[in-house]
């Protein structure tokens, strides 16, 4: 996207947005008005190892978003840079009733793990939103489907679905910083492509076997504002 288009979008935004704390209108990840609000990031690190529990279970680790790393998004006026602030998910993740599944492609029927049954753990660390599913069952159809693709690097990205609770535009309206998001009843997802270069994931195979590793990109998240 050209600097001119970005500058023109920022100028229009400045004229029409009442307050810098207003959320992006028609937020999405591509120029097309019908595109979803997919937020993506990449880093390295897809691994396949056994779960610590043994029994052939698989352990998945990754980051569904990377904090303090800009990525391109679009709103009603055009392109802008979006950044998720460090600690933006703290309040949401602290909920006693937090309900978030790990899914394939943001398909709510293709669940691999879930916070409510103790099979998924979400925490914030120095990189961003850390995803840990310690005991995926390879007999599950979706686990069996995705494991070899992660292992080979055919699929190597993540995304997360959330609601923006608070944020602010930069003074020139070229950047929007998310300072608080709510992931309750959203999701963390293994997906196909990423746009923001900065995350990681790992899926682990039996401890008795040599660890199988692959380098990868990891998508940062579908976000629902």
Cut-off is 10 Å between beta-carbons; in what order do 99, 75 appear when sorted fewest neighbours first? 99, 75
Round to a whole angstrom and tell me the spacing of the C-alpha centers of the range 3-26 and the range 128-168. 33
What is the gain in length, in nm to one decimal, between residue 175 and residue 111 on full extension, counting 0.36 nm per residue of separation less the C-alpha to C-alpha distance? 19.7 nm
What ranking of 95, 36 emerges when the number of other C-beta atoms within 10 Å of each C-beta is taken as an exposure proxy, fewest first? 95, 36
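Which order do 77, 160, 121 fall in if you start with the one that has the fewest other Cβ atoms within 10 Å? Before the final figure, lay out each step's value.
On the way: 77 20, 160 33, 121 15.
Ordered from fewest to most neighbouring Cβ atoms within 10 Å, 77, 160, 121 come out as 121, 77, 160.
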What nm value, rounded to one decimal, do you get for the distance between residue 90 and residue 21 when each label is placed 7 Å out toward the C-beta? 1.9
Among 142-151, 84-93, what's the highest-first ranking by average C-beta atoms within 10 angstrom per residue? 84-93, 142-151
Give the peptides 20-29, 128-137 in descending order of average Cβ contacts within 10 Å, highest first. 128-137, 20-29
Rounded to the nearest 0.05, what FRET efficiency do residue 149 and residue 5 have when you use their Cβ-Cβ distance and R0 = 41 Å? 0.70
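Every read-out reported here was derived from the displayed coordinates using simple, explicitly stated rules and does not represent laboratory data. Fair warning: this is a prediction, and the values are worked out from it, not measured in the lab. Note that we place each Cβ from the backbone using ideal geometry, even for glycine, and neighbour counts take in every protein chain shown.
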